[in-house]
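K.L.:
This is the structure I have questions about; it appears just below.
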Amino acid sequence: MDKETSVIFDKNVIEFVTVAAEYSAFLERAAEKRRDELVDTLLKLLPLLYLKASMLPPCEVIGDDAPEAYVTEDLYEQLRHTLAELMGDADDYLDVFVEDMIYSDQPIKKSISEDLADIYQDIKDFIFVFQQGLGEVMNDALALCQENFAQLWGQKLVNTLRALHDVKYRYHDDADTPEP
């Protein structure tokens with residue numbers, strides 16, 4: 001078995017692919033969900049996605065061309081808009097893990113819907129390429145996904161998880177019960 005084949009069929013890669021595919025499929029069905037269902041499921045899926053991504057074996061790009069992208073700007077915007085509508089007034093949150101924060105005296109506002117769509121874009125592009133079944137391209141898609149996890153969507157995932165936790169367990173100032 002050559003190097004790229006042994007990496008792409010590693011147990012941890014297969015488990016990551018499974019969770020990534022579930023995350024993608026769940027977001028594609030988001031319009032059918034209520035906000036509480038969306039939040040509850042994401043609070044379970046996101047930590048699992050993070051765990052599986054962090055357990056991926058080392059992988060390096062071996063091809064010359066970047067893997068093909070699946071998610072178009074229209075598809076991205078449609079998903080982001082659907083998620084924003086579902087999240088409603090709970091979509092925005094304050095982010096403290098933004099480099100620009102050190103230069104600002106104002107909090108930086110982020111949105112759950114945009115972060116979820118950003119994560120989806122990278123994950124769906126990876127799954128799309130992986131489903132084609134071409135060893136070298138699969139390997140390169142995995143390497144790119146790992147790099148993006150480390151530099152981009154891993155931090156977005158944990159920030160969004162914090163925001164989703166707040167949506168689920170937020171307490172009103174005048175009540176001792178969680179918001180429905």
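The values are calculated or read from the model by the stated rules, or taken from the named source; none is laboratory data. Bear in mind that the values here come from a model prediction, so they are computed numbers and not experimental data. Cβ atoms come from the backbone with ideal geometry, glycine included; neighbour counts cover every protein chain shown.
K.L.:
Would you point out the residue of region 128-147, among those that are surrounded by fewer than 19 Cβ atoms within 10 Å (Cβ to Cβ) and touching a helix residue (DSSP H, G or I) at 6+ places or on another chain (Cβ under 7 Å), that is farthest from Ile62 (Cα to Cα)?
P.N.:
Filtering region 128-147 for residues surrounded by fewer than 19 Cβ atoms within 10 Å (Cβ to Cβ) gives 128, 131-136, 144, 147.
This time we only want the ones that are touching a helix residue (DSSP H, G or I) at 6+ places or on another chain (Cβ under 7 Å), so: 135-136.
On the way: Gly135: 10, Glu136: 7 Å.
Per the criteria, the residue is Gly135.
K.L.:
So is Asp105 modelled with pLDDT under 95, surrounded by 15 or more Cβ atoms within 10 Å (Cβ to Cβ) and more than 20 Å from Val61 (Cβ to Cβ) or not? Before the answer, list the steps.
P.N.:
Numbers: modelled with pLDDT under 95: yes; surrounded by 15 or more Cβ atoms within 10 Å (Cβ to Cβ): no; more than 20 Å from Val61 (Cβ to Cβ): yes.
No, not satisfied.
K.L.:
What residue, of Lys124, Lys110, is over 17 Å from Ala21 (Cα atoms) and charged (D, E, K, R)?
P.N.:
Numbers: Lys124 fails: over 17 Å from Ala21 (Cα atoms).
Only one candidate qualifies: Lys110.
K.L.:
So if I check each of Glu68, Glu37, which one is out of contact with any Asp or Glu (no Cβ under 6 Å at 6 or more places or on another chain) and either among the aromatic types (Phe, Trp, Tyr) or at pLDDT 95 or above (or both)?
P.N.:
Unique residue meeting the criteria: Glu37.
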